[in-house]
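Heads up: the structure comes next, in structure tokens.
The values are calculated or read from the model by the stated rules, or taken from the named source; none is laboratory data. From a predicted model like this one, the values you see are computed outputs, not experimental measurements. Here the Cβ is made from the backbone with ideal geometry for all residues, glycine too, and neighbour counts use every protein chain on show.
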Amino acid sequence: MRIVEIITHTKHSDALAGIAEHFEVDEVWIGSKKTDDRRSFRMLVDDEKRQSVIDALQNLLAATENTRIIIQPVDAVIGQPREAEDEERQKHKLVAATREELYSQIEKGARLDNTFLLLTVLSTIVATIGLIKDNVAAIIGAMVIAPLLGPNIALAFAASLGDGEFMLRALKTNLAGVLLAFVLALTIGLIWPVGIDSHEIISRTSVGLDDVALALASGAAAVLSLTTGLSATLVGVMVAVALLPPTATVGLLLGSGQPALASGAALMLAVNVICVLLSAMLVLLIRGVKPRTWYERSQAKQSTTFYFLLWAGLLAMLIAIILLRAPDPL
């Protein structure tokens, strides 16, 4: 459940009451009229109805100035519905978070700001030291930071909505993060050459179909954590396993003058990024995340089809390279 608060002109009172009645929202509170002729309307909305209610509100109030729609979490409700009714809700439940809530949460992870850059630097330093020292604990520490989780999920989310502007922002942040991690790891590799006795490095220079499965599962789990409200900490670790360590490995090996091994790590990175994007977008579509209006859905369908086929085609090509790739030079 969420509390949906609408702050708008009092002339919309009857229309808002009609929306609440249409979607069978029983708990509605109406605030007092303010000096600017606005008032607050609050509704306690169940999860399975929330997206429909939000869409109806946006359609009604899209052209209204000085209007705010605020979605507030509900920590607990005393007097829950009967168990049978609750089970029935679960059967029809597609997504626990609305499109707007997902956008607000995912957009934060796609911002190319000082925080993102600093997290990328810190996680890369921790990862490279862990790789060089063959220290699993250090690598796990870098995984927990997981700076590359946000822009990759944002890219898949934007593709599922057909939001070109958001896609460009997410792509820019993603490329900046990967490039920064690569350059930093390359510099460390030049200063601190690595050998081939580190198991953590060598394990990321060869790619198999099991790595494809890992990346697909990571991307799917990441989106499930967002849409169902589960803790994203563990999922962030899973996604970081697929993205950051291979990036650092490529830089370290190239800096150490081992391009053959670096090519294997680069292949792993490419496979994992494509798998994360593909599985994340697929889960978003299955969970019913789509644009609000018919026109936007029509535009998004073309975009989604294009990117799905593009990423699926790239994955097929990369899998073919994996199967045809010569044995590891070691």
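Within the range 28-46, is there a residue that is closer than 25 Å to Pro291 by Cβ, in a helix (DSSP H, G or I) and either out of contact with any strand residue (DSSP E or B) (no Cβ under 7 Å at 6 or more places or on another chain) or modelled with pLDDT of 85 or more (or both)?
Within the range 28-46, not a single residue is closer than 25 Å to Pro291 by Cβ, in a helix (DSSP H, G or I) and either out of contact with any strand residue (DSSP E or B) (no Cβ under 7 Å at 6 or more places or on another chain) or modelled with pLDDT of 85 or more (or both).
Quick check on my filter: what residues within the range 39-59 are within 20 Å of Lys11 (Cβ to Cβ) and of a type in the set (D, E, K, R)?
Within the range 39-59, Arg39, Arg42 meet the criteria.
Does the range 159-190 hold any residues that are farther than 26 Å from Ala248 by Cβ and either of a type in the set (Gly, Ala, Ser) or not assigned by TED's automatic domain parsing to the domain that holds Leu252 (or both), and which are they?
Of everything in the range 159-190, those that are farther than 26 Å from Ala248 by Cβ and either of a type in the set (Gly, Ala, Ser) or not assigned by TED's automatic domain parsing to the domain that holds Leu252 (or both) turn out to be Ala159, Ser160, Gly162, Gly164.
Which residue, of Thr124, Thr120, is closer than 22 Å to Ile201 by Cα, touching a Ser or Thr at 6+ places or on another chain (Cβ under 8 Å) and part of a helix (DSSP H, G or I)? Quick ask: steps written out before the conclusion?
Numbers: Thr120 fails: touching a Ser or Thr at 6+ places or on another chain (Cβ under 8 Å).
Residue meeting the stated conditions: Thr124.
Within the group Arg169, Arg99, which residue is farther than 27 Å from Ala265 by Cα and either modelled with pLDDT of 85 or more or surrounded by 20 or more Cβ atoms within 10 Å (Cβ to Cβ) (or both)?
The conditions single out Arg99.
Based on what the data block shows, is Gly229 under 23 Å from Thr98 (Cα atoms), modelled with pLDDT under 85, within 13 Å of the chain's Cα centre (by Cα) and surrounded by 18 or more Cβ atoms within 10 Å (Cβ to Cβ)?
Numbers: under 23 Å from Thr98 (Cα atoms): yes; modelled with pLDDT under 85: yes; within 13 Å of the chain's Cα centre (by Cα): yes; surrounded by 18 or more Cβ atoms within 10 Å (Cβ to Cβ): no.
No.
Pairs under 8 Å by beta carbon, first residue closer than 13 Å to Trp192 by Cα and outside any helix (DSSP H, G or I) in the range 244-257, partner of a type in the set (Val, Ile, Thr) and at pLDDT below 90, six or more apart or different chains?
These pairs meet every condition: Ser256/Val194.
Filter the range 265-280 down to the residues that are in contact with an Asp or Glu (Cβ under 9 Å, 6 or more places away or on another chain) and at pLDDT 90 or above, then identify the one that is surrounded by the most Cβ atoms within 10 Å (Cβ to Cβ).
This residue is Met268.
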